[in-house]
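One structure is given below, encoded as structure tokens.
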Amino acid sequence: MKILVTGTAGFIGSHLAHRLLDRGDEVIGVDNVNDYYDVSLKEARLKRLTGKQGFTEVRRDVADRQAMEAVFKEHQPERVVHLAAQAGVRYSIENPHAYIDANLVGFTNILEGCRHNGVKHLVLPPAVRYTVPTRLCRFRFMTTLTIRSAFTRRRKKPMS
């Protein structure tokens with residue numbers, strides 16, 4: 001299965017990518033490798049992944065709309081795990097635009113990439129519910145929803 005994982009230079013994203021590769025999946029790892037924390041840690045994680053068969057590294061920012069459209073078009077993932085985000089509460093006070101770009105604009109670009117490219121499942125971390133408007137929180141149950149736009153949803157079958 002071809003799975004796009006955002007945030008693969010991070011701790012959780014890199015470990016998830018390893019697990020997916022170990023079970024035989026193809027992983028497209030997207031990360032902008034920003035300097036919020038030590039870049040050498042991120043580079044070391046990516047170096048371990050680039051040696052594995054089935055891993056494709058894509059250095060792009062999820063907030064870059066055209067870049068994400070190109071990533072979805074080129075790689076055609078079947079599933080997406082969106083873990084990329086700007087962390088750090090204090091940093092958000094000093095740099096609110098970094099948060100808006102990475103967490104809201106980036107999330108929107110991922111949703112739109114999924115919607116326009118027939119992605120069947122989108123997995124989000126629970127923290128997304130604190131990052132995006134309440135109306136969008138329902139997308140954490142992506143296996144039971146069909147995306148039409150960021151503000152509407154239609155159930156495929158009743159959630160239980």
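Using a 1.4 Å probe and ignoring any ligands, DNA or RNA, find the accessible area of residue 111 and quote it in Å² to the nearest 10.
Residue 111 has an accessible surface of roughly 10 Å² with all protein chains in place.
Given 5 Å bins starting at zero, what is the percent of C-alpha pairs of segment 1-113 in each, up to the one with the largest pair distance?
2, 13, 24, 24, 19, 12, 4, 1, 0
When the accessible area of segment 1-126 is split by element with a 1.4 Å probe, what percent falls to carbon and sulfur? The partial results should precede the final answer.
Details: 3580 of 6910 Å².
Percent of accessible area from carbon and sulfur atoms in segment 1-126: 52.
Considering only the other residues whose Cβ falls under 14 Å of the Cβ of residue 106, what net charge follows from Lys and Arg at +1 and Asp and Glu at -1?
-4
Counting only other residues whose beta carbon sits under 13 Å from that of residue 50, what net charge do I get with K and R as +1, D and E as -1? Numbers along the way, then the final one.
Working: positive: 42, 45, 47, 48, 52, 59; negative: 31, 43, 57.
Summing Lys and Arg as +1 and Asp and Glu as -1 gives +3.
Residue 44 to residue 78: extension gain in nm, 0.36 nm per residue of separation minus the Cα-Cα distance?
So the chain would gain 9.5 nm between residue 44 and residue 78.
Mind ranking 46-59, 64-77 by how tightly packed they are, going by the mean number of other C-beta atoms within 10 angstrom, highest first?
My ranking of the peptides, most packed first, is 64-77, 46-59.
The values are calculated or read from the model by the stated rules, or taken from the named source; none is laboratory data. These figures come from a predicted structure and were not determined experimentally. Cβ atoms come from the backbone with ideal geometry, glycine included; neighbour counts cover every protein chain shown. These area figures cover heavy atoms from the full protein model, side chains too; ligands, DNA and RNA do not enter into them. Shrake-Rupley method; radii C 1.70, N 1.55, O 1.52, S 1.80 Å.
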